[in-house]
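The values are calculated or read from the model by the stated rules, or taken from the named source; none is laboratory data. No experiment lies behind these values; they were computed from the predicted model shown. For accessibility, only protein heavy atoms count, side chains too; no ligands or nucleic acids. Shrake-Rupley method; radii C 1.70, N 1.55, O 1.52, S 1.80 Å.
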Amino acid sequence: MRDDIDTNSVTKALDAEEARIRAALEADSEDVEELKSEWQERDSPSESNLRAVEWNQYVNLQDELVEINDARARLAHGSYGLCEDCGEPIALKRLENLPAASRCIACQEITERETEEKNRAASR
């Protein structure tokens, strides 16, 4: 475990992020049920696009909850604050802004570029 990380502060930050996400999910729960309904078959193209955006937002929030749980597991196992790709310490400022971060900035940028390239190749 990195000795420059206050686990109590990290836990509080993760708790706050989880509360924010759960509140957003709760606020959107009726919309999500509607998104899952069969009304989509009768939507106009613009309504379908709006539903796709709303669904992506819902999925992203769910993904953020997974990232928070993963961060809690890293905290419990002593690997919190170390990049999952290169093993180097993640900058404290990054962890303060994104307490669930699992990669250093350099490795995150590589991951995002690779994802963008895969998406572009898949859409061709």
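A few remarks follow.
- Probe 1.4 Å, accessible area per residue of the chain, Å²: 70
- Extension reserve of the His77-Arg94 stretch, reckoned as 0.36 nm per residue once the Cα distance is removed: 4.1 nm
- Distances between placed amide hydrogens fall under 5 Å for Cys86 paired with Cys104, all partners being 5 or more residues away or on another chain.
- Percent accessible area from carbon and sulfur atoms, the chain, protein chains only, probe 1.4 Å: 49
- Calculated [θ] (222 nm, deg cm²/dmol) that DSSP helices of n ≥ 4 give over the chain, each run adding -39,500 (n - 2.57): -23500 deg cm²/dmol
- Estimated at 0.36 nm per residue, the fully extended path between Ala16 and Thr111 surpasses their Cα-Cα distance by 31.6 nm.
- Gyration tensor (Cα) of the chain, equivalent ellipsoid semi-axes in angstrom: 33, 20, 9
- Glu88 accessible area, 1.4 Å probe, all protein chains in place, Å² to nearest 10: 110
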